[in-house]
Every structure is written in C-alpha cells, then in structure tokens.
Amino acid sequence: MRPIVTERLLLRPLRREDLPAFAAYRSDPDIARYQSWDTPYTAVDAERILGGPVDGDAEPEPGAWRQVAAVDRVTGTLHGDCAVRLLADQPATAEVGVTFARAAQGRGLATEALGAAVSDLFEVQGLHRVFASADDRNRPVQRLLERLGFRREATFLEADWFKGEWTTLLVYAVLAREWREGRR
Ligand SMILES: CC(C)(COP(=O)(O)OP(=O)(O)OC[C@H]1O[C@@H](n2cnc3c(N)ncnc32)[C@H](O)[C@@H]1OP(=O)(O)O)[C@@H](O)C(=O)NCCC(=O)NCCS
C-alpha cells in the first residue's frame with residue numbers, strides 16, 4: 001500500500017518495529033473486550049500478524065487482513081491501527097476495523113485514520129462497498145462509524161458465541177456513491 005498522510009497521522013503498513021507498542025495496546029483488556037484476541041497479547045502473537053519473517057509491505061492474499069499502522073506524523077508514535085480485508089468471494093468489497101491505544105482515544109484520531117483509509121479504498125482502489133461489524137455493546141465504534149457516514153444495515157441478534165456468551169452483532173456499511181455524496 002502507498003502511505004496516506006492526514007492532518008495528524010501517517011498511515012502505512014504495520015512493521016516489525018511497531019510490534020512492541022502494538023502488542024502493548026492489544027494487551028489492554030478494555031481494548032480487547034470486543035475483539036477477536038485475548039489478553040495478554042504477546043510479542044509472539046504480534047509477530048504472527050505480520051504473517052512470517054517479512055514486514056507488512058507485501059500485498060496480503062484476498063480474504064486476509066492487512067494491519068495498517070496509524071502513527072503520529074511528528075513523533076512517529078504508533079497510536080493505533082486500521083484493519084482492512086478485501087473479500088475473496090465478492091469483487092470490490094472490503095471489511096474494515098479500527099483499534100486505537102487508550103492514550104490516543106477521545107481526540108478524533110481513529111475517525112481521522114479510518115476515514116482516510118476508507119477514502120483510499122473508494123477513491124484510489126475503486127472499491128464499491130466497505131463494511132464493518134460491531135458488537136452492539138461497543139458504542140464508541142458505533143459512534144465512529146456513524147460519524148463517518150456508515151449505515152447500520154443489519155442486526156444479528158445473539159448470533160455469535162463470543163468470549164463465553166451469545167453476543168449481538170451489528171453490520172455497518174457504506175457504498176462508494178454514498179461516501180462521495182456524504183463528502184460533497
Ligand atoms: C473504536 C475506537 C477506535 C474509538 O476510539 P475513539 O477515541 O472513541 O474515536 P476517535 O479517535 O475518533 O475519537 C472520537 C471521540 O473524540 C472526541 N473528539 C475530541 N476531539 C476531537 C476531534 N478533534 N475530532 C473528532 N473527535 C474528537 C469525539 O467527540 C469523540 O468522542 P465521543 O465518541 O464520546 O463523542 C476505540 O474505542 C477502540 O480502539 N476500541 C477498542 C477496539 C475496538 O473495539 N474496535 C472496534 C472493532 S471494529
């Protein structure tokens with residue numbers, strides 16, 4: 001991927017040098033609560049996400065997640081990441097996610113990062129639809145997706161056995177034409 005520069009952030013592939021900070025915020029139980037991993041999240045878990053002994057610059061296989069680092073433009077501090085997965089069974093469709101360290105939250109940085117990543121998917125990569133799944137208790141990510149103009153388009157009621165309980169999943173989506181309309 002080409003780096004993306006926003007007002008406060010640089011978005012680029014996750015690299016080996018990011019892994020200690022990446023593992024540290026993923027080890028925060030509040031951050032992991034609605035996410036697929038458990039805590040503590042170790043350096044070995046973080047290594048695995050790069051898919052082997054190479055840095056994250058290689059193009060992932062269709063269907064595989066790419067972790068995009070969101071670093072401070074000035075200091076280079078890793079604040080969080082966006083995750084992007086191009087679907088293997090639908091053309092021009094991607095799923096996204098976003099995770100920011102607790103210290104970097106509440107400043108609009110995650111909205112800035114995911115907004116830029118989604119713009120890139122539509123305007124540079126020519127995608128048709130981008131969607132995200134959210135636990136219905138995870139209000140911060142719902143507010144973020146709504147701020148960006150995602151529609152809540154599905155509720156899967158107690159459909160997911162997750163971390164020892166049935167959970168309800170919400171699906172949010174935005175089409176390329178809605179994205180452009182929303183930014184006009
Ligand atoms: C989802 C997550 C990234 C949202 O983080 P966040 O800090 O709430 O999001 P932002 O960085 O966009 O900040 C938005 C908040 O900052 C406030 N804010 C302050 N200054 C701001 C600015 N300059 N611009 C925009 N918002 C600003 C907003 O009002 C908003 O607060 P609100 O939601 O209480 O109204 C974070 O909760 C997280 O990492 N959670 C754990 C991982 C997770 O569950 N991810 C979802 C899986 S897809």
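Read-outs throughout are calculated quantities, based only on the coordinates presented, and are distinct from any laboratory measurement. Just so it is clear, the model here is predicted, and its values are computed rather than measured. We place every Cβ from the backbone using ideal geometry, glycine too, and count neighbours over all the protein chains shown.
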Sequence order, segment 84-97: Karplus ³J(HN,Hα) from phi using 6.51 cos²θ - 1.76 cosθ + 1.60, θ = phi - 60°, Hz rounded, Gly and Pro as x, gives 10, 9, 6, 5, 8, 9, 9, x, 6, 10, 9, 9, 10, x
For segment 1-91, run through the GluC sites (Glu not before Pro) and keep only the ones in DSSP coil with at most 13 other Cβ atoms within 10 Å of their Cβ. Glu7
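When a/c reaches 1.5 or more, the comparison of a/b and b/c decides; with that in mind, is segment 51-184 rounded, prolate or oblate per its Cα gyration tensor?
Here segment 51-184 falls in the rounded category.
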Using helices alone, I'd like the mean residue ellipticity at 222 nm for the chain: each DSSP H run of four-plus residues gives -39500 (n - 2.57), total over residue count, nearest 500. -7000 deg cm²/dmol
